[in-house]
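This report concerns only the one structure given below.
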Amino acid sequence: MCLGIPGQITAITDESRLMAMADVSGVRREVSLAPVADRPLCELVGQWALIHVGFAMAIIDEDEAARTLEALRDLGEAQETLEAMAEGAKALEGTQ
């Protein structure tokens, strides 16, 4: 099963590589904007995107993001994924 989780694009980290920072339920992670780079990247900051394996797959509105996060929390899948992401982020911090 593929799982995409809504995240808010908070900053462009590398414009030449189409990379940005996204906040996914409090976990910050770098993602590729390549699939949604149909406009200047600066216009994507503040937008919500459906994030899957490090890629922003689609731009979604805030209401859809909230409904999706609520549904995922209800299913328990989001918590498991977020915990795995947090563990991965901690591991990366330890190597830097």
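Key figures
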| item | result |
| --- | --- |
| Pairs with Cβ under 8 Å, 6+ apart, first in the stretch 44-61 and within 13 Å of residue 19 (Cα to Cα), second outside any loop (DSSP other than H, G, I, E, B) and acidic (Asp, Glu) | 54/30 |
| Residues of the stretch 64-96 classified as open to solvent by 80 Å² or more (accessible area, probe 1.4 Å), under 16 Å from residue 4 (Cα atoms) and not aliphatic (A, V, I, L, M), total | 7 |
| Residue among 87, 93, 43 that alone is within 16 Å of residue 11 (Cβ to Cβ), more than 12 Å from the chain's Cα centre (by Cα) and charged (D, E, K, R) | 43 |
| Residue count for the stretch 6-31, restricted to those that are of a type outside the set (A, V, I, L, M), assigned to a strand (DSSP E or B) and farther than 26 Å from residue 70 by Cβ | 2 |
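The values are calculated or read from the model by the stated rules, or taken from the named source; none is laboratory data. What you see is a predicted model; the values in this text were computed from it and never measured. A quick note on method: Cβ atoms are made from the backbone with ideal geometry, for glycine too, and the neighbour counts reach across all protein chains shown. We work out accessible area using only protein heavy atoms, side chains counted, and drop any ligands, DNA or RNA first. Shrake-Rupley method; radii C 1.70, N 1.55, O 1.52, S 1.80 Å.
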